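Q: Just passing along the structure, written as structure tokens.
The values are calculated or read from the model by the stated rules, or taken from the named source; none is laboratory data. Please read all numbers here as calculations on a predicted model, not as lab measurements. Backbone-built Cβ (ideal geometry, glycine too); neighbour counts: all protein chains shown. Ligands, DNA and RNA are excluded from the accessible area calculation, which covers all protein heavy atoms including side chains. Shrake-Rupley method; radii C 1.70, N 1.55, O 1.52, S 1.80 Å.
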Amino acid sequence: MFGSHISHGDETLLEKLKHLAWGQVFLICLFAGIGFTALYSAAGGHFDPWASAQMTRFLGALIMLVVLALIDLKWVFRSVWILYGMSLVLLLLVDIFGHVGMGAQRWLDLGIIKIQPSELAKITTLMALARYFHAKDIIEIRKIKNLIFPSLIIGLPVYLVVKQPDLGTGISIMLAGLSVLLAAGLPMWIFIAGVVLAVISIPVIWPFLHDYQKDRVTVFFNPESEPLGAGFHIIQSKIALGSGGVSGKGFLQGTQSHLNFLPEKHTDFIFTLWGEEWGFLGGVVLLGLASLIILYGYWMSFQCKHHFGRILTFGLTMNFSIYIMVNIGMVMGLLPVVGIPLALMSYGGTAMLMVMAAFGLMQCCLVHRDARLPRS
Amino acid sequence: MDRDQEKIDFFSRRSFVIGGLQALGMSALVGRLAWLQLVEGEKYRTLAENNRINVRILPPSRGQIVDRFGVPLATNLQNFQVLVTPEQTEDVEETLENLQKILPLSDRIVQRVLKKLKQNPSYVPIEIRGNLEWEDVAEIELNMPHLPGISVQAGELRSYPYKDSTAHIIGYVGRVSEADQLKDPLLALPGFLVGKTAIEKKYDLELRGKAGKAEMEVNVHGRPVRELSRTAAQSGQRLVLSIDAEYQRFVQQRLATERSASAVVMDVHTGEVYACASHPSFDPNAFSGGISVADWEQMRDDPAQPLNNKAVGGQYPPGSTFKIVTALAGLESGFIDPNWTVFCPGHYDLGNMRFHCWKSGGHGTVNLNGALAHSCDTYFYKLSTMIGIDRIADMARTLGLGDVYGFDLGEERGGLIPDIKWKRKVKKDVWHQGETLNAAIGQGDDLSTPLQLATMLSRVVNGGYKVAPWLVARDGDKMDLTASSALRNGTPKPFSVSLGGSDIELGIDPKHLRAVMDGLEAVCRQGGTAYASRIVEENMEMGGKTGTSQVKRISKAERATGVRRQEDLPWHLRHHALFVGYAPTQAPRYACCVLVDHGAGGSTAAAPIAHDIMLEIQKRDPKAKPPS
């Protein structure tokens, strides 16, 4: 009954390839290229240990992106709940068997590879939301009792991720989820009430945070209180960025980065390294590229004829945007240091893979923009 | 389908709202970036530079101290230290164990290293041991492959080749006190040494030199990555002393026949000090490496004061050597002439008080010459009652007693010349005439240092010029040893330190000086108090004056129990023995003061030493030798 409604299922692979938003793929490659440059510099002008590994991963992830784009969207649509369920199970497994790294249980050692289920959960949560709102019509969406289920969709993975504890990823899942709720039909007053509630709940959550998380928040409001302790990272990051000036200190010339004053320069603080060496101009170019990729996401979202694609593409775009804004805001001292990597640039396998998978899914939605997906 | 369209429209509207928020967020990021990089860029650039650059102080080499002929008195030895850099070895303890097979290390050393290991960052080398023998260094270098993290470094160690002979002049160096370390970063360098006594202390700033600096680029751990610039350190100034090192050693060794003694030998014209010795002494080299508390306490508590330079810091009643002053005061005041005589019955009565002459039988009738030659107390008792204490005190000050010269050793003391004013001001009492009698023979409150007594005699025998002693040759206010014509050709030329060459004549009638010198020559002739110690060598004859300064009068009770002679008293109660001398008599060049603490008698204890050292200096004649 449903199959007959799908009109583009019989396109050839070559035809599908033509429908990819190659412009976005190009921008993604540029963005990742900046990342390679920064990683090359972070290693003191060497491809090892970071740039070369990152380039290999990116190449693999790029192929995966294209493959994902070509997969029939209805398969994706049908397996949403299975994937969502799987990621919840993996998060639970991490809780039980997880590998402890950096004071937090985030990794699941599968023998061959270690994966971070929280990264997977980012995508599956958005998929589940898209699937849910796809099936509801506008009247249903606006009923408050119908908000309980999407709240659970977001709440379960957020709870499990924060418990690991990975506050950064938890917050980004929540923000991406909330933006989808907002876009899909959440009454504005509920959203505002939610924000107020969140602010009120801070004192309630506070005692459950890890010491290092508390430190980060305290230090955010007054980094100079602990110039050699927890405030060190943010102070040194601001010094590195600020000393870059208009045009930066030049490629491989960042003193803060190369003399190790800058912590985590190849992961969370890679934007700082870029900003120190390439200055304000380099920073603006990077932010401009990110904005273009996000704008592309909006465009792709609007191209979709079906609500599943629209919502999913929008959500994944929001996901990317949150990555970028929270990370850069954090290294510039605008937001507390919460440990969110810079998408596509920070060194790291799972994050890179999942960001590219997200782009692959967006492309898939675009390629299958006319797909007829069942209502329920 | 309408409902679907409604859903799409709703979504589109909301997306635009969210997109707007995102645009705001992006603008905030760009604005923040502009604030940091464009507005506050300069501030952060400074901070980044401060992060990056670490200035390392390069210690200067301490200046050498040499004698008048360039013989080193204080110099720097290469001090090989073995160090371990923890980050270069996997197991510091194992490395130390391996090192121990070649180089003996005490448990204390091992514990100290392991303690430092916990305190310091791992890239900071820890000194294991200093003062390595050359053989040890070779052995360590040979085994370097088996000793990861071990390195040998050449530092500097202060060395004093003349050891105890020059200890009281040169002094020694030691670690900087913690309070001083805050004053100058150079002083805070580990192992930096500063002068603690004598020349090393007084001229510490000159000897210290100027620190260099190396600007290092450092990483976040402070470890140097590369050197950006370097200013070399400037070695400290080389100090040339007026001392003749070999002669100094001779004097020091000659004094060693006594338990405690000191001596100064100086040039009567220029004030150069050829020797300045105080026995017992100590080996300053032991202080460079640190001295044990027990050794230190023993030296500190020794009544013979091995740590003090008694020649410049010891204050003694000058005894009969002071009679030179009283005699000149009498002649200058016009109350007497050299032929004036006094009959000495062995005592002098002032009112109902009786003052004894040292010779209980009396000297009979004596004139000035006889009074000096035999050191007749009665003559000077009588004279002092005629001229009064203030004339005596004035003459004493004119001749350089009771004052400091700004000598090159901080240990210099001023002594005391009492007079009526002093008595009123300090003692809040009136002057009694009996005190005048005591002061006239150098007893009572009179106090002088051997350096002052040698200076006093120099001023008498150089024709009445205001000479002052000095040790360190420098341009400007003091004479440069190499440039001075006085030194090069030995011309007797008066030289003043304190007044820089002006107003150097004391204004004493040369006839009076001559009359006193005749008396001093008579001291070393038949019947004089120092006849036994006369110099018989031709053209080297000595004149001088003995002195015995009372520490304690032998009481009637002691006399009753058989204590008649000084030798019967405990050492610390015996009289001090003094002798001031000059030579050669026909053209005075050298003056000395010898003081034997509790030596009992000037003629028996001090004069023989003076004989030896005055003969020796004339034989060596450092004045005649060109400085090299």
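Q: Which chymotrypsin sites (Phe, Trp or Tyr not before Pro) does the stretch B:288-354 hold that lie in a coil by DSSP with at most 15 other beta carbons within 10 Å?
A: Loop-located and lightly packed - B:F335.
Q: Still on this structure, please answer the following. Nothing charged except the Cβ atoms of Lys and Arg (+1) and of Asp and Glu (-1): what's the magnitude of the dipole of the stretch B:239-304 about its Cα centre? Round to the nearest 20 debye.
A: Magnitude of the dipole: close to 80 debye.
Q: Quick check for me: using +1 on Lys/Arg Cβ and -1 on Asp/Glu Cβ, what's the dipole size of the stretch A:3-367 about its Cα centre, in debye to the nearest 20?
A: 820 debye
Q: Within a Cβ distance under 15 Å of B:S151, other residues only, what is the Lys/Arg minus Asp/Glu net charge?
A: Result for the neighbourhood of B:S151: -4.
Q: Round to a whole angstrom and tell me the spacing of the C-alpha centers of the stretch B:580-627 and the stretch A:263-339.
A: Centre-to-centre distance over Cα atoms comes out at 95 Å.
Q: At a 1.4 Å probe radius, carbon and sulfur cover how many percent of the accessible area of the stretch A:3-367?
A: After summing per-atom areas, the C and S share lands at 73 percent.
Q: Charges only on Cβ, +1 for Lys and Arg, -1 for Asp and Glu: so what's the dipole of the protein assembly as shown about the Cα centre, in debye to the nearest 20?
A: Around 2100 debye, computed over the protein assembly as shown.
Q: With the other protein chains left in place, how much accessible area per residue, in square angstrom, belongs to the protein assembly as shown at a 1.4 angstrom probe?
A: 43 Å²
Q: Decide, for the stretch B:31-92, between rounded, prolate and oblate: order the square roots of the alpha carbon gyration tensor eigenvalues as a ≥ b ≥ c, take rounded if a/c falls under 1.5, and otherwise choose prolate if a/b is larger than b/c, else oblate.
A: oblate
Q: Given the convex hull over the Cα atoms of the stretch A:140-262, what projected area results after averaging over all orientations, in nm²?
A: That works out to 10.8 nm², a quarter of the Cα hull's surface.
Q: Let me check against my output: what whole-number percent is the relative contact order of the stretch B:229-352, with C-alpha pairs under 8 Å and at least 6 apart?
A: 17 percent
Q: Residues with amide H under 5 Å of B:G212's amide H, sequence separation 5 or more or different chain, H placed in the peptide plane at 1.01 Å from N; which?
A: Here the answer is B:L58, B:A233, B:Q234, since their amide H atoms fall under 5 Å of that of B:G212.
Q: Just to confirm the filter: which chymotrypsin sites (Phe, Trp or Tyr not before Pro) across the stretch B:21-114 are DSSP coil and have at most 14 other Cβ within 10 angstrom of their Cβ?
A: Qualifying residues, ordered by number: none.
Q: Please list log₁₀ I(q)/I(0) at q = 0.23 Å⁻¹ for the stretch B:349-478, using the Debye equation with identical point scatterers on the alpha-carbon positions.
A: After summing over all Cα pairs, the log10 values are -1.41.
Q: Let me ask another. Taking only Cα atoms of the stretch A:305-376, what ratio of Rg to Rh do you get with Rh as the Kirkwood inverse-distance radius?
A: With Rh from the inverse mean 1/r over Cα pairs, Rg/Rh is 1.10.
Q: Per-residue HN-Hα couplings for the stretch B:63-80, Karplus 6.51 cos²θ - 1.76 cosθ + 1.60 at θ = phi - 60°, whole Hz, x for Gly and Pro?
A: x, 7, 10, 10, 7, 5, 9, x, 6, x, 9, 9, 8, 10, 9, 5, 10, 7
Q: Moving on to the next point. What does the convex hull of the Cα atoms of the stretch A:246-334 come to per residue, in Å³, rounded to a whole number?
A: Given the Cα convex hull of the stretch A:246-334, per-residue volume reads 90 Å³.
Q: Can I ask one more? Just to be sure I understand the interface: list residues from the stretch A:250-276 that lose 30 Å² or more of accessible area between the chain on its own and the complete protein assembly, 1.4 Å probe.
A: Relative to the lone chain, where solvent access is computed with a 1.4 Å probe, the stretch A:250-276 loses at least 30 Å² at A:T255, A:L259, A:N260, A:F261.
Q: How large is Rg/Rh for chain B, to two decimals, with Cα atoms and a Kirkwood Rh?
A: Value, to two decimals: 1.24.
Q: Between B:N352 and B:L228, what FRET efficiency comes out of the Förster formula 1/(1 + (r/R0)^6) with R0 = 60 Å and r the beta carbon distance, rounded to 0.05?
A: It comes to 0.10.
Q: Among B:Y247, A:Y347, B:W431, flag the residue with its Cα farthest along the positive direction of the charge dipole of the protein assembly as shown, charges on Cβ as +1 for Lys/Arg and -1 for Asp/Glu.
A: A:Y347
Q: Now, a different point. Non-local amide H neighbours of B:V55 (under 5 Å, H modeled in plane, Pro and chain starts lacking H): which ones?
A: For B:V55, the qualifying residues are B:M216.
Q: Sticking with this one: Once the piece of chain linking B:Q78 and B:E297 is laid out straight, how much longer is it, given 0.36 nm per residue of separation minus the C-alpha distance between them?
A: Length gained, B:Q78 through B:E297: 75.9 nm.
Q: Over chain B, with every protein chain in place, what whole percent of the accessible area is carbon and sulfur at 1.4 Å, could you tell me?
A: 51 percent
Q: Rg to Rh for the protein assembly as shown: what is it, with Cα atoms only and Rh by Kirkwood?
A: Rg/Rh: 1.31.
Q: Say the dipole of chain B comes from +1 at the beta carbon of Lys and Arg and -1 at that of Asp and Glu; which of B:M614, B:Y160, B:A34 then lies farthest toward its positive end?
A: B:M614
Q: Another question about this same structure. Mind counting lysine pairs for me in the stretch A:3-367? Cα separation below 15 Å, and the two need to be 8 or more apart along the chain or on different chains.
A: Lysine pairs meeting the criterion: 6.
Q: Follow-up. Compute log10 of I(q)/I(0) for the stretch A:3-367 with the Debye formula, placing one identical point scatterer on every Cα and leaving out solvent, at q = 0.11, 0.12, 0.13, 0.15 Å⁻¹, to two decimals.
A: Cα-only, vacuum Debye calculation for the stretch A:3-367: -0.78, -0.93, -1.09, -1.42.
Q: Report the accessible surface area buried between chains A and B, summing both sides, using a 1.4 Å probe on protein heavy atoms only, in Å² rounded to the nearest 100.
A: 4100 Å²
Q: Moving on. Could you let me know the centre-to-centre spacing of the stretch B:88-110 and the stretch B:503-551, using Cα atoms, in angstrom?
A: Distance between centres, Cα-based: 67 Å.
Q: Per 10 Å bin, what is the whole-percent P(r) computed from every C-alpha pair distance within the stretch B:557-605?
A: In order of increasing distance, the bins hold 25, 35, 22, 12, 5 percent.
Q: So for the pair A:S151, B:L105, with labels modelled 7 Å out along Cα→Cβ, what separation do we get in nm?
A: Calculated label separation equals 6.8 nm.
Q: How much accessible surface does A:I205 have with a 1.4 Å probe, in Å² rounded to 10?
A: 90 Å²
Q: Then there is this: Provide a list, ordered by number, of residues in the stretch B:33-47 showing at least 40 Å² less accessible area with every protein chain present than when their chain is taken on its own, using a 1.4 Å probe.
A: Buried on complex formation: B:L33, B:L36, B:Q37, B:L38, B:Y44, B:R45.
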